[in-house]
Amino acid sequence: MGADEVYGVARQRFDVADAAPLLLDPQGVVTGWTSGARRLLAYPASEAVGRKLAELLAAEDAERVPDLVERCRRDGGWTGLLTARRRDGHPVKVAARITSAEEPNGGSRWLMLLSELADAPGWDMSRRVLEQMAACAPVGIAIVDTDLRFVWSNAALEQFGGGPAPRRLGLRFADVQPGMDAQAVEAQMRHVLETGEAVVGYEHVGHVRSAPLRETAHMLSFTRLEDDRGHPIGVYYTVVDMTDRHRARQRLALLDRAGESIGRSLDLTRTAQELADVAVPGLADFVTVDLLESVLRGAEPAPGPLADSEEPVELRRAGYRSVQDLAEAVIEVGEVVAFRAGTPPFRCLATGRSWRAEQLDPLTRDWTTDTPSGRRATFRELGLHSVMTVPIRSRGTTLGITTFYRRHDREFFGEEDLRLAEDLVARAAVCVDNARRYTRERDAALVLQRSLLPHRLPEQDAVEVAACYRPADELTGLGGDWYDLIPLSGARVALVVGEVPGHGIDAAAAMGQLRTAVRTLAALELPPEEVLAHLDDLVARSAREEGAEPGAVGSAGTQGVGSGCLYVVYDPVDGGCSMAAAGHPAPAVVMPDRSVVFVDLPQGPPLGVGGPPFEAVELPLAEGSTLALHTDGLLARGETWAVDAGRERLRRALEQAGPLESYCRSVVDALVPARPHDDVALLMARTKRLGTEQVAAWELPSDPAVVADARRIATRQLAHWGLEELAFTTELVVSELVTNAIRYATGSIRLRLIRERALVCEVLDGGATAPHLRHPRTTDEGGRGLLLVSQLTQRWGTRFVPEGKIIWAEQALPDPPE
């Protein structure tokens, strides 16, 4: 046997009733042999006496004999394990004990006791050894009888409170540990008594007498004790303190919950409240989270801790949580919190370092300058006795502070608690800073987008219009949806809805560029498909100038690529409507009888990605029809959208009735959550018709003599409308426009006057070239016609139609008499 198998020294004991004794002289030679030794090793006395002990042992232990003899001389004996060798050479493991045997004549011999181990687990322990093991064990051990009353316990159990072992005798578990769940523990004992099944690793959490304010955790194991006939006589149980392991698990679980709960949104106040909710009651009884005013606005705070001063520092309460009502101390979320100079929160902000007080001075008053109750209560009155203040810091910047309190019925905060609080706040600080930066960008994008969207839609007589816009949820950010209504010549209007891919400031800026481009193209009086074609060229050219690949969507600096747009033109004179789409849902039309149809509109490619040419659709609309132009967010569910997705839902929502403004909002409310995944824009336009008394038209031959007739019929019509004040100017405009048509065009001429919010004069001819405004010299005999028209009217222009071109001019109507 190796030296590592030596289990003890001489003071360790084992029973000798079955041991085989033999005598050795001081040199390790056998001098006495017994029948027990003969039974064990099979040597007769004649062969054993005189042999050296090493000859009776296996080779590996034989080499140890000199060392064992020396140890016996030095220590007075030896106890351990050896491998003996029988007479037939078969090895046998034995437990050996060597002790001094003094002779009457003063000689010295050694008594060696050998006990065969065979199938035994080890030594046969003596009662004294067993008692020593139980009494001196570092694990708490106790025995209760069948009435669950203590009959024995060791000294280690005293560390958990309840007094020494003699005081426990006859008591029950609830008597010695009233702070623990005695009913549950005794239920385990009864189960073991009744079934005989051992219970191992039963975990129990409570408050022991030795630490009434500290939550402790213990692992208990229960075993039934039986008499010789197998009848239960009690329960033997052990107790191991596992509070440190329990607290480590609690800390990890708290940090795990913090990772799941904190930062689920990009809302600053919600993130601060999530921090307070996670910390109570796992770490503290009362938690407050206060942020700098600039942080809540999304502004960039000054780097480093706040400068120290003598003035109170003002923060704003962003979140709090308490296990019970503390009305005197609670400042509501959103209210200002001012900490007096020199107080721990003030110093925490000034230094950027955490602060902990195991035990607060009970007479110290609250650190704020004002409270809802009007008086500053003492910490004793609030029931608080321990505190930690941790700065909320991210990227070297102090954003605010978090303060943790415990009440009198819990233990004081320790260093481990402070480290845990700092871990929690550090995780939350990253989320708070992300929310702050997002708030800044979102607010900037909102300001930009709102400045680019129409504050109010222009007044006109073609349609009654209402619009509803709902920005995206903060997790996806602001999008680039837009809508517009553009008055055109001839009392017509253009209705536009579009969407830029992506979110944030870049999307809002790209939306502004596209909206401006659409308004510019609309002023050219182009048909819808040509407006989209020019817009597509503009987006593609901008992408090429930015160095993007052709057809790339969402590349850096090319936010407009992949945008969608729907352009609709409505004419209230004849009810005609023409439209074209670029990667955008077709509009719905609500007929006067409330039936809903979806326009079969060819889907052109998104802007800037290339593809087939855009196609327009023309359809007549009855007066009172409602056009519903929307972005794809109105039909989306979650993050997906398809052409047919949500159309039945939209149909049901559009079948409602009511004033257009509330009608528009109700449709959005029915289809879109309060915080949608994507921006939603809905533009609804209820068509009107100009009455026959508002429009007058005449066909004129291409003859210079007809100019005078044109002036006369126009003057008569103005008199019929009560617009005699405009007769002189109108005669001049009609004369110039009709003269130009006769001089430079062919075919018949049509003169049309429209009275709505302005007086519109239109002349249609078969020409294909647009007139140009000239600036003649003083000596020129002609070329002043259009110059005069431009000076005498509000605006004028040219638009092309299948029959040729129309030159038009508008004059403001005179104010009605008071």
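Quick check: with the 1.4 Å probe, what order do R799, R264 take by accessible area, largest first?
Order by accessible area, largest first: R264, R799.
So which GluC sites (Glu not before Pro) in region 158-252 are both in a DSSP loop and have at most 16 other Cβ atoms within 10 Å of their Cβ?
E197, E215
I'd like the GluC sites (Glu not before Pro) in region 584-630 restricted to DSSP loop residues with at most 12 other Cβ atoms within 10 Å, sorted by number. Kindly include the intermediate steps, with their values, before the conclusion.
Working: sites: E615, E618, E623; in loops: E615, E623.
In loop regions of region 584-630 (DSSP not H, G, I, E or B), the sparsely surrounded GluC sites (Glu not before Pro) are E623.
What 222 nm value per residue comes from the helices of the chain, counting each DSSP H run with n ≥ 4 as -39,500 (n - 2.57) and dividing by all residues, nearest 500 deg cm²/dmol?
Per the formula, -9000 deg cm²/dmol.
Let's test the formula: R0 of 35 Å, r as the Cβ-Cβ distance of V336 and R665. What FRET efficiency results, to the nearest 0.05?
Working: r = 35 Å, r/R0 = 1.01.
Result of the calculation: an efficiency of 0.50.
Angle check, please: helix 65-75 long axis (alpha carbons) against the longest principal axis of the chain (alpha carbons), in degrees 0 to 90, nearest 10.
The angle comes out at about 80 degrees.
Can you tell me the length gained on complete extension of the stretch R541 to H455, counting 0.36 nm per residue apart and subtracting the Cα distance?
28.0 nm
Can you tell me the 0 to 90 degree angle between the C-alpha axis of helix 268-279 and the longest principal axis of the chain, rounded to 10?
It is inclined by approximately 20 degrees.
Please work out the FRET efficiency for the pair H231 and D409, using the Cβ-Cβ distance as r and a Förster radius of 41 Å; give the result to the nearest 0.05. Kindly include the intermediate steps, with their values, before the conclusion.
Working: r = 45 Å, r/R0 = 1.10.
Efficiency for this residue pair is about 0.35.
Got a sec? What order do K688, K93 fall in by accessible area at 1.4 Å, biggest, i.e. largest, first?
K93, K688
Pairing the Cα long axis of helix 727-744 with the longest principal axis of the chain, what angle in degrees results, from 0 to 90 and rounded to the nearest 10?
Roughly 90 degrees between the two axes.
Using 7 Å Cα-to-Cβ label points, what is the E203/I713 separation (nm, one decimal)?
9.8 nm
First select every other residue whose beta carbon is under 14 angstrom from the beta carbon of G170; then total the charges, Lys and Arg +1, Asp and Glu -1.
Result for the neighbourhood of G170: +1.
Take the Cα radius of gyration of the chain and divide it by 2.2 N^0.38 Å, with N its residue count; two decimals is plenty.
Cα-based Rg divided by the globular estimate yields 1.75.
Could you sort 516-524, 534-542 so that the peptide with the highest average Cβ count within 10 Å comes first and the rest follow in order?
With the highest mean Cβ count within 10 Å placed first, the list reads 534-542, 516-524.
So what's the Cα pair-distance distribution over region 130-246, bin width 5 Å, in %?
2, 12, 22, 27, 22, 11, 3, 1, 0, 0
Please give, to one decimal in nm, the separation of the simple spin-label points placed at S46 and L813, each 7 Å out from Cα toward the Cβ.
15.1 nm
Over what distance in Å are the Cα centres of region 458-533 and region 48-90 separated?
Computed from Cα coordinates, the inter-centre distance equals 104 Å.
So if I place +1 on the C-beta of Lys and Arg and -1 on the C-beta of Asp and Glu, and nothing else carries charge, what would the dipole magnitude of the chain be about its Cα centre? I want it in debye, nearest 20. Write out the running numbers ahead of the final one.
Details: 90 positive and 117 negative charges, 382 e Å.
In total the dipole reaches around 1840 debye.
Tell me, what is the 1.4 Å probe accessible area of T288, in Å² to the nearest 10?
10 Å²
In nm, to one decimal, how far is the D423 label point from the L619 one, both placed 7 Å along Cα→Cβ?
6.3 nm
Can you grab the distance from the C-alpha centre of region 717-757 to the C-alpha centre of region 156-170, Å, no decimals?
115 Å
For V500, what charge total do you get from the other residues with a beta carbon under 9 Å from its beta carbon, if Lys and Arg give +1 and Asp and Glu give -1?
Around V500, the surrounding residues sum to -3.
What's the FRET efficiency of A523 with A444 using the Cβ-Cβ distance as r and R₀ = 35 Å, to the nearest 0.05? Numbers along the way, then the final one.
Working: r = 30 Å, r/R0 = 0.85.
Between A523 and A444 the formula returns 0.70.
The values are calculated or read from the model by the stated rules, or taken from the named source; none is laboratory data. Only a predicted model underlies this, so the values are computations on that prediction, with no experimental measurement involved. All Cβ positions, even for glycine, are placed from backbone atoms using ideal geometry, and neighbour counts span all protein chains on display. Just the protein is used for accessible areas: all its heavy atoms, side chains included, with ligands, DNA and RNA removed. Shrake-Rupley method; radii C 1.70, N 1.55, O 1.52, S 1.80 Å.
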